[in-house]
């Protein structure tokens, strides 16, 4: 596992721009505890979605990736179809347009996402309900499903009039749900620890950090 991450980390890109709140609040609170978190991107996480994941995984020629990546690809294809995505668009998308992740603990390769209200929709719920019971997730799947049920009436309508590539007019929230699933499933498949999600529906990153502080402090102890 360590060797796979080391190879992967060499192909990652650290983003130079400042983090936005509440990401910044979480990163600052973590730094006070001695846990350094950075904004980062990876070559296997790009506009091509699971098509890009397959391309990069094959190029690695790592037998250890075959099983987990194959399983992730199969599930992501089902989720993409359920969310009414156009698969032909993924094949035509840009491999060099990387999708950033919110925060990364570089020493362990742990990816951390900070989720505001826009991430808790009926579309996200539809994707989460397709996850197997043994899905590698660094967050409580049932808790996230409940937040989706609680917030979807408000959040489903966000960006309703905007188009999303491969999802059409009004497809921004479906695209967001797909990208969240892509991050969830591709991250452990590529040899990283399960992705950690921190809910911050009120936008208070500092409070969100306090709720998850024990788990994040454990990163520093590794």
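Throughout, read-outs are computed from the coordinates displayed, never taken from laboratory work. Model, not experiment: these values are computed from the prediction. In this analysis, Cβ positions are derived from the backbone assuming ideal geometry, glycine residues included, and neighbour counts consider all displayed protein chains.
For this structure, a couple of remarks:
- For segment 136-222, the relative contact order comes to 26 percent (Cα pairs under 8 Å, sequence separation of at least 6).
- Residue order for 154, 165, fewest other beta carbons within 10 angstrom first, comes to 154, 165.
- Sorted by Cβ density within 10 Å, fewest first, the residues 131, 178, 209: 131, 209, 178
- Stretch gain in nm, segment residue 91-residue 122, where the contour uses 0.36 nm per residue and the Cα spacing is subtracted: 8.5 nm
- Listing 155, 39, 88, 122 from fewest to most neighbouring C-beta atoms within 10 Å gives 88, 122, 39, 155.
- Segment 58-205: C-alpha pair distances exceeding 18 Å, %: 59 percent
- The chain, relative contact order in percent, only Cα pairs under 8 angstrom and at least six apart counted: 29 percent
- Segment 20-144, relative contact order [Cα under 8 Å, separation at least 6], %: 31 percent
- Principal axis dimensions, largest first and in whole angstrom, of segment 129-204 by Cα: 37, 28, 24
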